[in-house]
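See below for the structure under consideration.
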Amino acid sequence: MRVLATMALPLALTAACGNDDRTLEVFAASSLTDAFAAIEEAYEADHPDIDVRVVLAASSSLAAQVGDGAPADVLATADPATMARAVASGEIDG
């Protein structure tokens, strides 16, 4: 899953910035901490005008928060089942 998240995030980040034009709110599974720390650092180095804020927690907790309206631009779960439920709920684009 780490490889998928690493490859998909730059595309998602480029299209995101929904909260304001300078901040990206990334909700990522805590098991992806190392991968997202590296991605955050690299992305901010390439885009100094963007602040990437990574919120780490359990996939199910993050999906529930997004479903309740939390302002996330990117949701990265650690398991396909949680992501499938989040997409099926209609709260996020898959």
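If the chain between ASP79 and ILE92 were fully stretched, how many nm would it gain, using 0.36 nm times the residue separation less the Cα-Cα distance?
Full extension from ASP79 to ILE92 adds 3.1 nm.
Expected output is a single nm value to one decimal: the length gained when fully extending between THR23 and ALA38, i.e. 0.36 nm times separation in residues minus the C-alpha distance. What is it?
Numbers: separation 15, 0.36 × 15 = 5.40 nm, distance 1.71 nm.
Fully extending the segment from THR23 to ALA38 adds 3.7 nm.
Figure the gain on full extension for ALA70 and VAL55 (residue separation times 0.36 nm, minus the Cα-Cα span) and round it to one decimal in nm.
Values: separation 15, 0.36 × 15 = 5.40 nm, distance 1.11 nm.
Difference between extended and current length: 4.3 nm.
Every number here is computed from the coordinates shown, using simple stated rules; none is lab data. Keep in mind that what you see is a predicted model, and the values were worked out from it rather than measured.
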